[in-house]
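A short write-up of the structure that comes next.
The values are calculated or read from the model by the stated rules, or taken from the named source; none is laboratory data. None of these values were measured; they are calculated from a predicted model. FYI the Cβ positions are ideal-geometry reconstructions off the backbone, even for glycines, and counts take in every protein chain you see. For the accessible areas, the whole protein counts, side chains as well, though only heavy atoms, and no ligand, DNA or RNA atoms are used. Shrake-Rupley method; radii C 1.70, N 1.55, O 1.52, S 1.80 Å.
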Amino acid sequence: MRNPRAGRLVALAASFLAFALTAPSLAQAQDAVIKGTVTGPQGEPVEGAQISIQTMLIGSASNAKGQYSFSVSASDVKGQTVNVVARRLGFAAVTKQLALSAGEHTVDFAMKQDVRRLDEIVVTGVAGATEMKNTTISISKVNEDQIKEVPAQDIGTLLTGKVAGVEVLSETGLPGASATVQIRGSTVLQIGNSSPTYIIDGVVSKNGISTIDPSDIVSMEVLKGAASATTYGSQGANGVIAVTTRRGQNLEDGKVQFTVRSEFGKTDIEHYPPLNHSTVYVVGTDGKIDYGNVDPDNFMDNPFPTPQQDPDHYWRNQLKTWLQSNSVTNNYITLGYRKGNTNFMGSFSRLADPGIMPILSGFKRQNFRFNLDQGITDKLDVSASMMYGSTSSDQGQVDGADDFFGLLQAPPDLDLAHPNGPADTVLYDNFLPPDIANNSRGNPLYDLLHTNNNNQTERIFGAFTARYRPTTWLALDATYGTDRYNNLDNTYQFSGYLNSDGVSQPGSLTYGTDRDRANNAAINGTFSYGLQALKATTKVSYLYDDEHEDVVNTNGNQFKLRHIQALNAIDPTTFTANSAIFNTRSVQYLVNQGLNYNDRYLLQGTYVHDASSLFGTAARNNDFYQVSGAWRVTQDFHIPGFQELKLRAANGTAGLRPAFADQYETYGVANGQFSKNTLGNVDLQPAIQHETEFGIDASFLNRFDLDVVHSQRRTNNAFLQVPLSVALSGGFQSQWRNAATITGKTWEMALTTRVIENPGFSYSFSLTGEQTRQHIDRLDAPPFQQNAGGQGQGIFYYKQGEDLGIIYGTKWITDFRQLLDNPANAGMTLADAQSLYTKNVEGYVVLKADKGTANEQPIAYVDPSGNNKVVIGNVNPDFTFGWANTIKVRSFTVYALVSGTQGGQIYDFTKQWMFQDRRAGAVDQSGRKPEDKIAYKYYENVLYNVLNPNSYFVEDGSFVKLRELSVNYQFSDALLHQIGLGNFVRSLKLAVIGRNLKTWTKYSGFDPEAGSGGDANFRIDGFRYPAFRTISGQIEIGF
Amino acid sequence: MRLIQAGTLLAAAGAILTLAACSQDLTIPNTNAPSTKVANSTPDDIKALAATSIQTWHDANNEVNPSLALSVMADALTGSFNNFGMNLSSSEPRLAYPNNTTGGDYTSMAQDPWYNNYTALGEANDAIRAIDGGIFGDDTVTAQSYKALSMLTQGLAMGNIALIFDQGFIVDESTPVPVDYSTLPLVKYPVVAAAALAKLDAVIAATQGKHWSLPTEVLPLSTVDLTAENLGRIASTMAARLVAYTPRNGTENAAADWAKVLTYAENGISAANPAFDFAIIEDGGNLWWDGYKAYGNYGPWLRVSMRVMHEMNPALPSEYTSCASIDEDAAGFHDARYATDFTYKPLGKKIPFSCARGAWHFSDWEHSRYGLNAGGAGDVTWYSGTFTGVAPVVLAAENDLLWAEALVRTGGDLSLAATLINNTRVTRGHLTPATAVDGAAGLLADIQYEQDVELLTTGGGLQWYNRRRIDGLQTGTPRHLPVPAKELEIDKLPIYTFGGAAPNPVYPDQ
């Protein structure tokens, strides 16, 4: 075992298991057999209900006919009274008492639907397994029936619009990219560090979620903030998403269950940004462009030739020409079996998503999963959850400022296949004729064809748990988890690769590897005890985790040998290599106390002690706490129309860990020279979020369930790399400090209802909405720019006292009065301003004398203090919402997910870049009245302005998106028999599924769902790979 | 029985927890980057640190920031791109320096020299502390030589601060760091210059009569070894420059201690045999690379200002008024250096300089004397340039010109002054020799011509230093840069700036 400490823990856990194994009781007399039928509201059989005696850890699941059966060994049959509970997703749990004696007992269950799932059990962030109705914290559960209609490509997408307070942003459409998930806003001032912690089958996932197949997921529990996620201590401040994967425990006893699901779809782009159809060059009477001569009127309003007038230089939509409709396939197979207290579930899936770029094959993912549960005795069971996943992608050069961008900017008047005419022998020649290709940046197709990118990842994830319940009041469990990740990145350009000048290059080769090994072990004890109506649960835990990561990157850019793709064929003088090792280790102790008085008054308290090598040596130990309570009012008072009313409040803390290098004093090492870098900080603590939340959970009119939550958060000691005075620090540039306080307020609302429920028709929906406001209360550092997206332009300027997400830049004057603020205009009156200036058709104030001339330009606002970089936008939406609808008409199910935002602005760098090369539709003057036309330099020089941020490119980011729509038909048992499949086919479902079908927005770019750096605070449209539409057909067969 | 079993289990769980709790060691070393303790632990580390310090200073002096912005502010070169702060710095009428932290090239043009010089200073101070602490033991020669090198960095780095900024911090090995602003405030440039001069004097004293030498790679001089004597001569020349170039205007220039300049120059790099250029050999852009020359000698990026071309050929305009190219008029040039150091490259159709950015940016000539630094074989191959040329920081000729000017300004030997000017005026330029008969004014004019033509694209900032002290900058051109906004924000000081000419906002130019 590589790590002796983790090894020792595993050994201890194994001994613990062996100890438990020595105490099985012997069978002596006749068993008790419990059997019966589970039916639904209309008397229909309910399949897949779990019937169990929880205190004995024994039970079974109902089959397609609703029947179930299980036995209790005679040694445990003592005439005692036990609770037999039936549970099924979407139904209220039903409990029946039974005096347990030898022989057969028939216990039938009639279940009622429970839209709000008050009886569902949650286990994350609570002392012991707790029914939703008895929770005191913000915990949301997403179940399989909410996510099964539209298989998602990543875990984040599954949550879109389903959980209030969870913002899911697909900032790029790049196949294989994970969506950004952010819960109740930010806890940091850096980019992309606001992701929640993912727990998979009880084990912290250290290596992201992109390699996990969401089809394996049966439920997710979401803890939204510090008051809920305190149990995760210094990993909880961004919230926690605990994922449970598919297991065999609910399968019918003794039968193998085999399911095959296959989906085949086509991709395309729903919306293209408007493009410029006119040229600024003189167009002759023959319709051909005189590329040497700019039209003296300076207006970009001359039509490009038709293909008949000039077969080489007519206008093409390069995006529509080259972005492709490709085929997506997603296949998923499961094999499950349960016999008595042994069950397993295996799955295999394969996803191939080529995306929309030409030439590339895109993203592929394969996953194997094997989950096993084994009851050793009625008091002891063990579980194993194992996953192997691998992904591959050849899209390394596509996203961001690379080939997609190149295609966006490609000149419209060239055939990119033969840009230099039919005689050019180089296919997709990288050299574009300079007279035509303004600011040529080469041919993106050449790069797509000749740069070989290869990204391979492998993931092994395992969770092994032993559970022992020696008494009814004590449960012990031990878990060992391992998360192993290998990544290889490889980029190759052959020797002879032509650059955009058409000059042969010596080639290049890059290899990068990243290996991560994370292990953790946990021991938990749960004590359940009670005194009359007071039930208490105490959980104590010890958690240890360590992680070892090493990265190596090598690069060389001069091949000595052609056509050899090996680093040893490279001129060693051009070779660079670097490597790094990151080791971390943490321990945590936890005590969680839950009190439940008669299911009316609920109280929970949590204390966590966290110690981590990531904290500075003088701040190694940190404590977190939580207190929460709830009152189920309707248990005490009858309120007409209300079936349930719960008031709850919670207050707690959770943290964030610094990055590996943050605490250390470091020197940079380059070219064999040392240079001072960061000053160490032995006092570096975790950032600590304090959260107070109040919530109302209500069920009323037998139909509606409403949760309303208000949360206030204060993240103290947020991390910041504080710049230092190099002179006064002796040469160090910066130091990581706990230097900021960020506050946030969130309102969340979730409404779930089954509007219509008839035997042949039902309609239900869930509506979630949220509003989050974030503010920088304290900044113990100078204000600073935050660069994100685009090409790193610092459009965010963080200052104490400001909201998070404010966009700064040049503001173009739209009101004459704004001119008077400029100190340089001292003495100017409004009348002066109006006599000198006028407004153009775009609403910008320009000099009268310049209007319509080549010199026309908007005027930059200067505030009374002389600042010309001012607030030009705010990315924070007024609210976001998700609306999931399910309509069932006999065997048909229609599912539609609509989500969107109101308010919040986007900075459109994509458009700004397109101004430089005259590609954006906004620069086209052909449709304007002569007096409204604006000269091309207004766009190309002033607004483009070397990508300096300005107010022209700030747009309203409101949108409504029909994100998912599916229609499926589930074959009934009778129909299956009728068509002759009934004997060997258990279930058959056909579906048509659409994703990203339609967006309603005023935003002019590809997609208002823009973001950057994995952070919803940076709504920047930075020529990312656009999200595309997929329409597919799906068949699912169960055997 | 059950209670006993549960008790046993609890005890076992307790034991596990206790054991686990006791066994955790949460101290993990960072093996990816050294700390001071690791980086400065051996004599070799300190040698490397001292060598790094002088190389960091070289970067501060001859990298693209601020040398390219200062060269266009002086109308020595011209460039219209926003890169390196060029466009705004050469706008007409002049604009104030935008002293802010919003980033980009304008921020870098002040931040880079500030941070790079103080980084160099921090490295030199650390090296001297270690040397004074006895890291070289009994090896006094090594201690002396590396201390002299480190002191040279101290003088040069603080000297650069005094030359470029209106104020700065005086930091040396005796300053306890980190230190607060309240303990160590900013002081004005003459005070910084005096502190820098004291360090250069210390180098001169420490090298006098010494016979050690430092390894070539420490400072890869192009023609001579890095002996104690040569190090002292470099220090002397740099001291002469510092005294001569610190003045911000004609008045301060007249009041400068020219006698001191004379003494320093007489002992500088052009004084004794052999005269040598303070020039480094580039190593392919690895450590030793001169960004000023690489860009300053590359036509698509920068051109020679028409002010200089007009000096060489008065028939040419001193500034373009339209965006059309001008005929070469090769015959109008009498200076032989026109043929060797300059190239006529009419801008033509595919021009990099947009007319919309102002015709004053235009020039049809590029400086090509150090073309090798820019790749060697013309414009197209610049990006594959080898960057292995000889890159002068201070030519021997510059020392000659300082010497000559000091002679003129102290009422010294005008014939010797003329001889010193003619070292390049006649030898390279084939122009009419300067003579004592030209008088002080004539000789000063010849000196200025040589400074513009002969010293073009050598040391970063040189033309700006020379133009400001004779009041030769365009109205509103900053005569020094403010302390960068980033430093002011860190020290919680108000942000200020310099420059600007009406109708643009006007701030003091010094």
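With every protein chain present, what accessible area does A:Asp863 have (1.4 Å probe, heavy atoms only), rounded to the nearest 10 Å²?
30 Å²
To the nearest 20 debye, what charge dipole does the protein assembly as shown have about its Cα centre, counting +1 at the Cβ of each Lys and Arg and -1 at the Cβ of each Asp and Glu?
Dipole size: approximately 5520 debye.
Tell me, what is the 1.4 Å probe accessible area of B:Trp212, in Å² to the nearest 10?
Its accessible surface works out to 20 Å², give or take rounding.
Amide H neighbours of A:Ala687 under 5 Å, at least 5 residues apart or on other chains, H built in the peptide plane: list them.
A:Leu656
Which listed residue (A:Ser178, A:Ala781, A:Gly59) has the Cα farthest towards the positive end of the charge dipole for chain A, taking +1 on Lys and Arg C-beta and -1 on Asp and Glu C-beta about the Cα centre?
Checking the options against the dipole of chain A, the answer is A:Gly59.
Using a 1.4 angstrom probe on the protein heavy atoms only, could you order A:Glu263, A:Glu665, A:Glu458 from most to least accessible area?
Reading off the accessible areas and sorting them downward yields A:Glu458, A:Glu665, A:Glu263.
Please identify which residues in segment B:259-288 have an amide N closer than 13 Å to a label point set 7 Å out from the Cα of B:Ala436, following the Cα→Cβ vector.
Answer for this model: none.
For A:Asp956, put the label point 7 Å out on the Cα→Cβ axis and report which residues of segment A:1003-1021 keep their amide N under 18 Å from it.
It comes to A:1003-1010, nothing else.
Can you give the mean number of other chain Cβ atoms that lie within 10 Å of the Cβ atoms in peptide B:480-491?
Taking the mean over all residues of the peptide, I get 3.
Rounded to the nearest 10 Å², what accessible area does B:Arg357 have for a 1.4 Å probe in the complete protein model?
Accessible area, nearest 10 Å²: 70 Å².
Starting from 0.36 nm per residue, how many nanometres of slack lie between A:Gln635 and A:Ala618 once their C-alpha separation is accounted for?
1.2 nm
When we measure straight from the Cα of B:Lys147, which lysines land under 23 angstrom away, once same-chain ones fewer than 8 places off are left out?
Candidates past the 8-residue exclusion: A:Lys676, B:Lys37, B:Lys47, B:Lys199, B:Lys210.
Rounded to the nearest 0.05, what FRET efficiency do B:Asp283 and B:Cys323 have when you use their Cβ-Cβ distance and R0 = 41 Å?
0.55
Mark the label point 7 Å from the Cα of A:Asp145 along Cα→Cβ and return the residues of segment A:877-898 whose backbone N is within less than 16 Å of it.
From segment A:877-898, the list is A:884-896.
For B:Lys345, which lysines qualify as cross-link partners when the Cα separation must be under 30 Å and same-chain residues fewer than eight apart are set aside?
Counting by Cα, and skipping residues close in sequence, B:Lys345 has these lysines nearby: A:Lys937, B:Lys293.
Once phi is turned into ³J(HN,Hα) by the Karplus curve 6.51 cos²θ - 1.76 cosθ + 1.60 with θ = phi - 60°, what whole-Hz value does each residue of segment A:443-448 show in order, with x for glycine and proline?
9, x, 5, 4, 5, 4
What is the distance, in nm, between label points placed 7 Å from the Cα along the Cα-to-Cβ direction at A:Ile1035 and at A:Ala670?
Computed distance between label sites A:Ile1035 and A:Ala670 equals 5.9 nm.
Take A:Lys78 and A:Val682, extend 7 Å from each Cα along the Cα→Cβ direction, and tell me the distance between the two endpoints in nm.
Calculated label separation equals 5.8 nm.
Between the chain alone and the structure with every protein chain in place, find the residues of segment B:249-287 that drop at least 30 Å² of accessible area; heavy atoms, 1.4 Å probe.
Listed by number, the residues meeting the 30 Å² cut-off are B:Asn286, B:Leu287.
Tell me which lysines have Cα within less than 18 Å of A:Lys141's Cα, excluding those fewer than 8 residues away on the same chain?
Output for A:Lys141: A:Lys133, A:Lys162, A:Lys224, A:Lys646.
Report, in whole Å, the centroid distance computed from the Cα atoms of segment A:157-209 and segment A:332-362.
Segment A:157-209 and segment A:332-362 have Cα centres spaced 22 Å from each other.
If you add up the charges near A:Asp483, with Lys and Arg at +1 and Asp and Glu at -1, over every other residue whose beta carbon is less than 9 angstrom from its beta carbon, what do you get?
Net charge in that neighbourhood comes out at +2.
Give me the angle, in degrees from 0 to 90, between the Cα long axis of helix A:4-21 and the longest principal axis of the Cα atoms of chain A, rounded to the nearest 10.
Its long axis makes an angle of about 30 degrees.
Which order do you get for A:Glu104, A:Glu955 if you rank them by accessible area with a 1.4 Å probe, largest at the top?
A:Glu104, A:Glu955
Could you give the length gained by full extension between A:Tyr388 and A:Val294, i.e. 0.36 nm per residue of separation minus their alpha carbon distance, to one decimal place?
27.8 nm is the gain from fully extending A:Tyr388 to A:Val294.
For A:Tyr808, enumerate residues with amide H under 5 Å from its amide H, sequence gap 5+ or separate chain, H modeled in the peptide plane.
Those lying under 5 Å, H to H, from A:Tyr808 are A:Phe796, A:Tyr797, A:Ile872.
Per DSSP H run of n ≥ 4, the term is -39500 (n - 2.57); total these for the protein assembly as shown, divide by its residue number, and report the mean residue ellipticity at 222 nm rounded to 500 deg cm²/dmol.
Helices in the protein assembly as shown give a 222 nm mean residue ellipticity of -6000 deg cm²/dmol.
What average count of beta carbons from other chains do you get within 10 Å of the Cβ of residues in A:302-313?
Going residue by residue through A:302-313 and averaging, the value is 0.
Report the Cα centroid-to-centroid distance between segment A:101-154 and segment A:523-595 in angstrom, as an integer.
If you average the Cα positions of each part, the centres end up 32 Å apart.
Residues with beta-carbon under 13 Å from that of A:Val38, excluding A:Val38: net charge, scoring Lys, Arg +1 and Asp, Glu -1?
So the environment of A:Val38 carries a net charge of +2.
Any chance you could give the angle, 0 to 90 degrees and rounded to 10, that helix B:189-207 forms with the longest Cα principal axis of chain B?
In chain B, helix B:189-207 runs at an angle near 80 degrees to the longest axis.
Against the longest alpha carbon principal axis of chain B, how many degrees, from 0 to 90 and to the nearest 10, is the axis of helix B:2-22 turned?
Approximately 30 degrees, to the nearest 10.
Given A:Lys266/A:Lys1002; A:Lys96/A:Lys339; A:Lys911/B:Lys492, which pairs have Cα atoms separated by over 28 Å?
Too far apart for the 28 Å limit: A:Lys911/B:Lys492.
Grab the beta carbon distance between A:Asn583 and A:Val426, set R0 = 56 Å, and tell me the FRET efficiency rounded to 0.05.
Once rounded, the FRET efficiency stands at 0.70.
Taking R0 as 51 Å, what FRET efficiency do you get between A:Val256 and B:Ser35 from their Cβ-Cβ distance, rounded to the nearest 0.05?
Computed FRET efficiency for A:Val256 and B:Ser35 comes out at 0.25.
Taking only protein heavy atoms into account and a 1.4 Å probe, give the accessible area per residue of the protein assembly as shown in Å².
37 Å²
Roughly how many whole Å is it from the C-alpha centroid of segment A:40-60 to that of segment B:143-169?
Here the answer is 82 Å between Cα centres.
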